[in-house]
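The values are calculated or read from the model by the stated rules, or taken from the named source; none is laboratory data. This structure is a prediction, so every number in the text was calculated from the model and none was measured. Positions of Cβ are backbone-derived with ideal geometry, glycine not excepted, and every protein chain shown enters the neighbour counts.
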Amino acid sequence: MVWEETRFIMNRAKQSGCSLSLRRLRELIVMVLTFAFTASALVAGHTIARAAPAVKGTDVISIPIVYVKEQRKRLPPLSLLDYPPDNEGIAGAELAIDDNNTTGRFLKQDFSLEMISSPKRDDLIEGVVAKAKAGVGFFVVDVSAETLLALSDALKDLPAVLFNAGAPDQNLRESECRFNVKHTAASYAMLTDSLAQYLAWKQWRKIVLVSGPQPEDKLYVQSLKRSLKRFGLKLLAEKQFEYQPGSHRTDGGYEQVQKQIPTFTQGLPEYDVLLVADEAHQFGDYFAYRTWNARPVAGTHGLYATTWHPASELWGASQFQNRFNRKAGRHMKPLDYAAWMAVRSIGEAATRTGSSDPKTLIEYMLSDNFELAAFKGQKLTYRPWNAQLRQPIFMATPKLHVTVSPQPGFLHRITVLDTLGIDQPETECTAFN
Amino acid sequence: MKAVCQNALTCLFVSYALITATLPAHAFKAFVSNEKDNTISVIDTKSMKVIHTIKVGQRPRGIMLAKDDTWLLICTSDDNRIEVYDAKTYEFIKNLPSGPDPELFALHPSGNPLYIANEDDNIVTVVNIDTGRIIAEVPVGVEPEGMGVSPDGRYVVNTSETTNMAHFIDTKTNETVANILVDNRPRVAQFTSDGKQLWVSAEIGGTVTIIDADKKVAIHKISFAIPGINADAIQPVGIRINKAGTKAFVALGPANRIAVIDAKTFKVEKYILVGQRVWNLAFTPDEKLILTTNGTSNDVTVVDVKKQRAFKSITVGRYPWGIVIANH
């Protein structure tokens, strides 16, 4: 009722001649009214001049989704621009809930989102199991690999599925793959293969590597070495970078780094590209334009692989970026995008099956019929052997994408998207057989 | 030697005469929106040349003719308005309000009003093209794009790219009366000339759904398969059906081809290779030619409808998007 009246006022005001400012005013009024207005699914569209029929609450089916966040202590990143926002991840899920409900209102389906957030693994497990027992079938998670496996074990006998939106760990897709886990985040192998394919396409084959001491850095290096070998690139030398975290916060510091990086890279053999493996954002940003040789930097910094770039306008993404920016008040990050894809997967399954039953939707998402449109130019599907979402991956600089992998010329029997990551004939995962 | 040359020359001359003899004698004007150049290329279909370039607003996409082909209307998406030009003199006439980010629009067959899809706001804006007033706003699905209007003017159909639905809007009440699920990322909605069917292309789904316009249910789905072309590259966008309702032509995006379909049996008869990333297409008013807009090769391909053969490419501006052909 309130909504119709608002629109009526808006239209009258528009007819009297104002235009642009009305849009802002409308948004403001909507925001204010949303607090007092409980959303219900609508069956038919509105007219301006008369009230639309009220929604029938009883035949609207509910599809609840829970976002799970493990609060982790992280070293402060080198760049101020890399501090993760508080709502990283869940903002993407929230946008997808809105998108799902815009279809849902025509199909009498109502999607809702709740959050469980804690630094303690046990608290997360307890919360998730309680929700699953109460009937929630879908959990979008931003947790460490160990926590993900613990959650998967805890949910083993329940009709529920976990969407991994944040962990790139390869073992989750391989030896530790689980039937109740799907991955919308890219794996390390997909990211490093995207990079290696582009370097191969460029014929920049001579590589040197600088890696950091963190466990995640080592995982990245492991994957990178596999990709370099796979795509015929030569690793000529490797060096470890040591650092004291926190020392870059001083007011000065560039004078020393300016000398330190050239000295560090002086002895390296003649190479085409220097790769950095710095998942913790502690030194990677130091290398571009400071190395001894005038050669590009790539890897976790410099030219990097990412599932989403906030400046992408490819494949109709402009509207998507705008909707997210308006809703979250900031640019979309890969974690937001992965969470969005997870919630949209559930929405897509609900749309095509007309059901809200978790078992039915989970089954549909495992079937050959499932496909997701996600502003990547082609339909995205989950790999049947380990439920990893296949997707094109950007190679980018912070401002703009440079290219999208898979690169032209890399062929595949079934889909070129499977040239990124560990392919079916090579996989250790048997959970989905 | 001389005799051979003479014969060859005669052959050439005769062939040339034959080819030109089969070319349509009529000159029509084709208007092509160049999304990146912010211009409209005007092509003379007799000389097959670009005869004029109109400078317009930012990001021109949807394009149509009104008032007996004398007005050219363009959705300048980044300027958030419709621009109106004289289709004969190319002079600017006026702007029309459109709601934010207009991409495609459809004109009621009576000549008014104009229904515009606002991609950013999930609404269809209804505008009176004479007075320039916004009459109504109809909420639809996420990212509305395709707009089709039934020949009797009773329904306007809007497709939503993320909701994956075709919404039937009753033009008397401006209310949505039916919402039909189609495949992923529907783009274009096109009625047959008898108003009995609505054809909707699904770009990511890779199919065209045929909807019974009376019963408002999907009755058929056309899939495409091109030997040697990856199925993911077959992305149907533009649809045009001839007036007799016997043949339909669908632009298939990065498959670089248009499909020729028997509109009665829904069978795909042929694929015609055109330029790169073909999104939209238009008949000349005599339906002898089809011109296609090839976004990433920056050109327009001319196809002989009867022979089902492409025979010319015309370079236009960057990222040609929409095309409409005037009866003069």
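Couple of notes before you dig in:
Conditions tested, residue by residue: (1) among the charged types (D, E, K, R); (2) buried (at least 23 other Cβ atoms within 10 Å of the Cβ); (3) more than 21 Å from the chain's Cα centre (by Cα); (4) closer than 22 Å to A:Pro296 by Cβ.
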site: A:Ala189; (1), (2), (3), (4): no, yes, no, no
site: A:Lys202; (1), (2), (3), (4): yes, no, yes, yes
site: A:Pro213; (1), (2), (3), (4): no, no, yes, no
site: A:Gln222; (1), (2), (3), (4): no, no, yes, no
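- Residue within region B:139-151 that is assigned to a loop (DSSP other than H, G, I, E, B), of a type in the set (Ser, Thr, Tyr) and more than 13 Å from every other protein chain (Cβ to nearest Cβ) present: yes
- Those residues of region B:271-285 which are surrounded by fewer than 21 Cβ atoms within 10 Å (Cβ to Cβ), in contact with a helix residue (DSSP H, G or I) (Cβ under 7 Å, 6 or more places away or on another chain) and part of a strand (DSSP E or B), in sequence order: none
- Residue among A:Ala167, A:Ala150 that is among the aliphatic types (A, V, I, L, M), outside any helix (DSSP H, G or I) and under 16 Å from A:Glu70 (Cα atoms): A:Ala167
- Selection count where residues are outside any helix (DSSP H, G or I) and either at positive phi or in contact with an Asp or Glu (Cβ under 6 Å, 6 or more places away or on another chain) (or both), scope region A:62-112: 7
- Inside region A:366-395, residues that are in contact (Cβ under 8 Å) with a residue 40 or more places away in the chain, closer than 25 Å to A:Gln319 by Cβ and of a type in the set (A, V, I, L, M, F, W, C) make up a count of 5.
- Condition broken by B:Gly206, with the remaining ones in (1) within 9 Å of another protein chain (Cβ to nearest Cβ); (2) within 19 Å of the chain's Cα centre (by Cα); (3) at pLDDT below 95 satisfied: (3)
- Residue in region A:392-405 that is farther than 22 Å from A:Lys108 by Cα and within 14 Å of chain B (Cβ to nearest Cβ) present: yes
- Being under 30 Å from A:Gln109 (Cβ atoms) and out of contact with any Phe, Trp or Tyr (no Cβ under 9 Å at 6 or more places or on another chain) is not true of B:Pro109.
- In region B:209-241, the residue that is nearest to the other protein chains (Cβ to nearest Cβ) out of those that are within 16 Å of B:Ala178 (Cβ to Cβ) and of a type in the set (Lys, Arg) is B:Lys216.
- Condition check for B:Ile116: more than 13 Å from every other protein chain (Cβ to nearest Cβ), assigned to a strand (DSSP E or B) and more than 26 Å from A:Leu314 (Cα to Cα): no
- Filter result for B:Lys67 (basic (Lys, Arg) and at positive phi): yes
- Spans of helices (runs of 4 or more DSSP H) in region A:272-371 with at least 3 residues within 14 Å of chain B (Cβ to nearest Cβ) and out of contact with any Leu (no Cβ under 7 Å at 6 or more places or on another chain): A:317-328, A:334-353
- Scanning region B:217-242 for residues that are of a type in the set (Gly, Ala, Ser) and loosely packed, with under 14 Cβ neighbours inside 10 Å yields B:Ser223, B:Ala225, B:Gly228.
- Here B:Val268 clears all of (1) buried (at least 23 other Cβ atoms within 10 Å of the Cβ); (2) in contact (Cβ under 8 Å) with a residue 40 or more places away in the chain except the condition numbered (1).
- Qualifying residues in region A:321-335 (those that are within 21 Å of B:Arg185 (Cα to Cα) and at pLDDT 95 or above) - the one surrounded by the fewest Cβ atoms within 10 Å (Cβ to Cβ): A:Gln321
- Complete set of residues in region A:150-179 that are over 18 Å from the mean Cα position of the chain (by Cα) and in contact (Cβ under 8 Å) with a residue 40 or more places away in the chain: A:Leu151, A:Pro159, A:Ala160, A:Glu174, A:Ser175, A:Cys177, A:Arg178, A:Phe179
- Considered as a group, the residues in region A:123-149 that are touching a residue at least 40 places away in the same chain (Cβ under 8 Å) and farther than 19 Å from A:Glu94 by Cα include one that is surrounded by the most Cβ atoms within 10 Å (Cβ to Cβ), and that residue is A:Leu124.
- Screening the candidates B:Ile234, B:Ile261, B:Ile239 for the property of being modelled with pLDDT of 95 or more and closer than 16 Å to B:Ile323 by Cβ yields one hit, B:Ile239.
- Filtered residue count, region B:74-110, keeping only those that are touching a residue at least 40 places away in the same chain (Cβ under 8 Å) and either surrounded by fewer than 18 Cβ atoms within 10 Å (Cβ to Cβ) or of a type outside the set (Val, Ile, Thr) (or both): 15
- Lone unmet requirement of (1) farther than 22 Å from A:Gln388 by Cα; (2) touching a helix residue (DSSP H, G or I) at 6+ places or on another chain (Cβ under 6 Å) for A:Phe231: (1)
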